[in-house]
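See below for the structure under consideration.
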Amino acid sequence: MHSAAELTNALKTHAQKLGFVLAGACPAVEPTGISRFAEWLERGFAGEMDYLARRKEAYEHPAGVLPGAKSLLMLAFPYRTQEPRECLPGQGKISRYAWGTADYHDLIHDRLKKLADELRQWVPDAKVRGVVDSAPLLEREFAQAAGFGWQGKHTLLIHRDIGSYFFLAALLTDQELIYEDAFAADHCGTCRACLDACPTKAFPEPYVLDATKCISYLTIELRQPIPTELRPGLEEWLFGCDVCQDVCPWNERPLAKRLKAGSDELEPADDANPIDLLSFFSLDDDAFRARFRHTPLWRSKRRGILRNAALVLGNQRCREAIPALIRGLKDTEPLIRGACAWALGQILESADVSAWEDLKARQQVEEDPHVRAELAAILAGRPDQT
């Protein structure tokens with residue numbers, strides 16, 4: 001017979017070998033923040049992420065993920081690599097976690113399977129399931145219960161030594177483990193760096209994120225046109241956003257800056273830090289799939305990435321992008337056409353006669369009501385229409 005302590009130590013040791021930088025156990029109980037989660041949903045801060053509300057009851061206990069769950073082994077997988085490089089006109093920024101050549105879900109799931117196998121070697125009939133940010137589990141609540149750290153004012157989990165550039169994952173089991181003491185302190189103090197730096201003012205108050213204004217939500221989760229008033233706030237972000245983490249003092253700790261990513265596949269791919277935007281407009285569906293199918297950018301699909309690219313180019317007033325954006329005006333996707341129209345409206349001056357004519361020509365054949373509205377607003381503001 002093994003003891004709970006032996007099983008816990010074996011799992012932690014194996015987790016470290018697999019690249020997890022933190023591992024701690026906590027009991028499978030109702031998360032302390034479940035009422036805050038319910039209130040957050042009621043305030044409409046989830047936006048189009050309807051799946052959160054649909055699975056609301058499942059979030060109330062880890063048994064909603066693994067029936068009979070008694071324990072969770074919480075895990076942290078680091079992804080910090082090189083520092084962001086300067087973004088020039090025609091280039092866009094990608095969140096650090098998505099710079100690599102693989103989707104982190106795949107990387108972590110493979111490791112969770114190996115960790116589950118380790119547990120079954122100790123207890124062959126054990127129930128076990130590994131999850132990473134797709135199951136109805138409040139990972140940050142349980143990570144805090146496992147002693148990792150506290151949820152910062154930007155709502156992300158912060159560890160005193162390694163900061164916040166890590167993915168959270170969990171191994172749920174029906175076995176008893178030895179639990180850590182929950183992390184009870186909050187070390188944000190009076191700091192407001194993350195709140196004040198957010199380009200779209202997505203924090204209505206400390207510790208609360210309005211996802212409908214968050215750049216990560218807008219560029220990844222939102223399937224509709226990004227609201228016009230929020231487009232300038234995207235600045236140069238093509239996919240995701242790191243602003244609230246980049247300004248956090250805890251990510252400047254010596255160990256946080258030295259810590260290596262848990263996999264070489266998280267190291268930046270060629271042309272990812274930053275990424276060229278103009279080339280996107282020559283990619284059809286097959287070419288886009290071939291390039292991004294196994295990376296995080298696939299989640300936004302071609303229409304989302306080209307929408308975002310157009311808006312970034314518009315924010316940059318990138319005149320070199322005019323031919324690519326005119327090509328985008330003829331795309332089969334209305335989402336892309338509308339974004340390209342808006343971007344051209346930001347860039348063009350009265351001297352760009354031919355480009356204005358392209359916009360006018362598109363207006364005459366456009367059937368999508370949203371794109372027609374975008375075109376009408378832009379052409380109404382044409383400089384030589386006074």
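Have a look at Phe45, Phe77 and point out the one that is out of contact with any strand residue (DSSP E or B) (no Cβ under 6 Å at 6 or more places or on another chain) and aromatic (Phe, Trp, Tyr).
After ruling out the rest, the residue left standing is Phe45.
Just the residues that are of a type in the set (Gly, Ala, Ser) and part of a loop (DSSP other than H, G, I, E, B), please, taken from segment 72-125.
Result: Gly90, Ser95, Gly100, Ala102.
State whether the residues of segment 79-87 include one that is under 12 Å from Pro296 (Cβ atoms) and modelled with pLDDT of 95 or more.
yes
Is it true that Asn308 is within 20 Å of Gly90 (Cβ to Cβ), assigned to a helix (DSSP H, G or I) and open to solvent by less than 10 Å² (accessible area, probe 1.4 Å)?
Taking the combined requirement at face value, the residue satisfies it.
Would you confirm, using the coordinates I've provided, whether Arg140 is assigned to a helix (DSSP H, G or I), modelled with pLDDT of 95 or more, closer than 28 Å to Ala38 by Cα and open to solvent by 60 Å² or more (accessible area, probe 1.4 Å)?
Spelling it out, Arg140 is indeed assigned to a helix (DSSP H, G or I), modelled with pLDDT of 95 or more, closer than 28 Å to Ala38 by Cα and open to solvent by 60 Å² or more (accessible area, probe 1.4 Å).
With the condition kept exactly as written, say whether any residue in segment 254-271 is touching a Leu at 6+ places or on another chain (Cβ under 9 Å), open to solvent by 20 Å² or more (accessible area, probe 1.4 Å) and among the hydrophobic types (A, V, I, L, M, F, W, C).
no
Scan segment 186-202 and give yes if some residue there is under 30 Å from Ala143 (Cβ atoms), touching a strand residue (DSSP E or B) at 6+ places or on another chain (Cβ under 7 Å) and not basic (Lys, Arg), otherwise no.
Yes, segment 186-202 has at least one match.
Checking the structure you have, find out if any residue of segment 160-177 is within 15 Å of Gln245 (Cα to Cα), open to solvent by 40 Å² or more (accessible area, probe 1.4 Å) and not β-branched (Val, Ile, Thr).
yes
Answer yes or no: is there a residue in segment 233-242 that is open to solvent by less than 20 Å² (accessible area, probe 1.4 Å), modelled with pLDDT of 95 or more, assigned to a loop (DSSP other than H, G, I, E, B) and among the acidic types (Asp, Glu).
Scanning segment 233-242, I find at least one residue that is open to solvent by less than 20 Å² (accessible area, probe 1.4 Å), modelled with pLDDT of 95 or more, assigned to a loop (DSSP other than H, G, I, E, B) and among the acidic types (Asp, Glu), so the answer is yes.
Considering only residues of segment 311-350 that are assigned to a helix (DSSP H, G or I) and among the basic types (Lys, Arg), which is least open to solvent (accessible area, probe 1.4 Å)?
My answer is Arg337.
All but one of (1) buried (at least 17 other Cβ atoms within 10 Å of the Cβ); (2) among the hydrophobic types (A, V, I, L, M, F, W, C); (3) in a loop (DSSP other than H, G, I, E, B) hold for Val29, so report the exception by its number.
(1)
The values are calculated or read from the model by the stated rules, or taken from the named source; none is laboratory data. If you're wondering where the values come from, they're calculated on a predicted model, not measured in any experiment. Glycine also receives a Cβ, built like all others from the backbone with ideal geometry; neighbour counts cover every protein chain displayed. Note: areas computed on protein heavy atoms with side chains; ligands, DNA, RNA excluded. Shrake-Rupley method; radii C 1.70, N 1.55, O 1.52, S 1.80 Å.
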